[in-house]
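Worksheet for the structure shown next.
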Amino acid sequence: MVATIVDEGTGAGTPDWPAVRDLAVRGEAAGMDSLWVIDHLVLGNADRPEYGLHEAISILAALAAVTTSAELGTLVLATSFRPPAVLAKMAATIDRISGQRLILGLGCGWHQPEYDAFGFPFDHRVGRFEEAMSIISPLLRGDRVTVDGHFYQVRDCVLLPPPPRRIPILIAGKGERMLSLVAQHADQWNAAWFGRPNARYRQRVADLHRALDAAGRDPATLEITVGVEIDNGDPADRTGFGEHLPADAGAIADALHEWAAEGVGHVQLNAGPTDARLVDVYAEAAARFRAG
C-alpha cells in the first residue's frame, strides 16, 4: 500500500486547511491507498526554523469527512499529549466519521521543546506510553477498563457508542521496551525514516523479531510499514542518515518494489511538506509499482 503525508509545515509557513483538504482529495483521486498526518505541536532545530502544524486529531476528523475511500492514519500520535481514554474516544469517533478507515498510529513522543512549551512532562515517556496502552487497547476492543496506574487512572471506563470495529493500532518504536509493547498491542509497526532498504533497516527488523519471539507472537500477524523520505530540495537532513529518494516516479517505484521484497506492506512517502506536484509523482510511482 502506498501512502502520503498531507499536512506538514515548514519554516516558510503551515498550509491552511483548504490546501490540506485539496491535497487529500487529490491524493485519494490519484489512487493513494492511505493519507497520513503527523502529530507535533511545534518543531524546528538548528537546521530548520521553528514551525508548527495543525492539531492532528482535528485535521484527521476533517479529512474523514471530505474523503471516502483512502485509509487515514496518524504517524504517530504522542499518547502523552492527550488523556489516553479520551484519545481512544477520539479515535472511535473518527473511525465512525470515516466509515471505518482509521489506522491509529501511536508513539511515546521525542521532541522535548514542544513538551516544555505546552506544559507536558517529558520524563518516563515509555512508562507513560505503556500505561496509556493498557487503557487505549482494551477500550478499542470494546472492553470496560479500570486502571489505577502511576501516571493514569480510569475507573469503569467504556466507550459509548462502542467502537464499530477493532481499530488497527500502529506503533512506532525501536527500543527494547517499545518493541515489547509493539508485540503486545500493535497490528502494524512503523520504521522511519529511510530511502531504500539497507543494513540499518534490517537491524531494526531483527530487533523487532526478537521482541516478537520473546512474546510468542507470529511475525506474520504484524504488518511492517516504513516511512520513506522524499527529497524536496530542503538541505536539512531529515533522516539524520542522509537517506532519501529523489522526487522521481521511476526511482520511487523501484524503491517500492524493493520494500515489497523485504515484506513491507505499507509505505508512507513524505517530503515535508508535500504539494500537488509531489502527489502526482507519488501517484505515477504507485501506478508503475502496481503494474509490476
- Item | Those residues of the stretch 137-182 which are in contact with a helix residue (DSSP H, G or I) (Cβ under 8 Å, 6 or more places away or on another chain), farther than 28 Å from residue 207 by Cα and outside any loop (DSSP other than H, G, I, E, B), in sequence order | 139, 145, 147, 154, 157
- Task: State yes or no: is residue 98 in contact with a Ser or Thr (Cβ under 8 Å, 6 or more places away or on another chain), of a type outside the set (D, E, K, R) and modelled with pLDDT of 95 or more?
- Result: yes
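Given the structure, is residue 220 out of contact with any helix residue (DSSP H, G or I) (no Cβ under 9 Å at 6 or more places or on another chain), surrounded by fewer than 20 Cβ atoms within 10 Å (Cβ to Cβ) and part of a strand (DSSP E or B)? Walk me through it before giving the result.
On the way: out of contact with any helix residue (DSSP H, G or I) (no Cβ under 9 Å at 6 or more places or on another chain): yes; surrounded by fewer than 20 Cβ atoms within 10 Å (Cβ to Cβ): yes; part of a strand (DSSP E or B): no.
No, not satisfied.
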- Task: Tell me which residues, restricted to the stretch 13-52, are assigned to a loop (DSSP other than H, G, I, E, B), in contact with a Leu (Cβ under 7 Å, 6 or more places away or on another chain) and crowded, with 18+ Cβ neighbours inside 10 Å.
- Result: 38, 39, 40
- Note on the structure: When every residue in the stretch 61-75 that is modelled with pLDDT of 95 or more and crowded, with 22+ Cβ neighbours inside 10 Å is compared, the one farthest from residue 24 (Cα to Cα) is 74
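When you go through 58, 80 one by one, which is the residue that is of a type in the set (S, T, N, Q), assigned to a helix (DSSP H, G or I), buried (at least 20 other Cβ atoms within 10 Å of the Cβ) and on the phi < 0 side of the Ramachandran plot? Don't jump to the end; show me each part of the working.
Details: 58 fails: buried (at least 20 other Cβ atoms within 10 Å of the Cβ).
None of the others qualify; the one that does is 80.
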- Task: Identify, from the list 78, 61, 29, 92, the residue that is aliphatic (A, V, I, L, M) and either in contact (Cβ under 8 Å) with a residue 40 or more places away in the chain or touching a Lys or Arg at 6+ places or on another chain (Cβ under 6 Å) (or both).
- Result: 92
- Quick one: in the stretch 263-287, of everything that is of a type outside the set (Val, Ile, Thr) and under 15 Å from residue 192 (Cα atoms), which residue is surrounded by the fewest Cβ atoms within 10 Å (Cβ to Cβ)? 265
- Query: Do the conditions hold for residue 87, that is, is it at pLDDT 95 or above, within 26 Å of residue 179 (Cα to Cα), within 18 Å of the chain's Cα centre (by Cα) and in a strand (DSSP E or B)?
  - Reply: no
- Query: Scanning the stretch 258-278 for residues that are among the hydrophobic types (A, V, I, L, M, F, W, C) and in a strand (DSSP E or B), which turns out farthest from residue 105 (Cα to Cα)?
  - Reply: 269
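The values are calculated or read from the model by the stated rules, or taken from the named source; none is laboratory data. If you're wondering where the values come from, they're calculated on a predicted model, not measured in any experiment. Please note: Cβ atoms are built from the backbone with ideal geometry, for glycine as well, and neighbour counts cover all protein chains shown.
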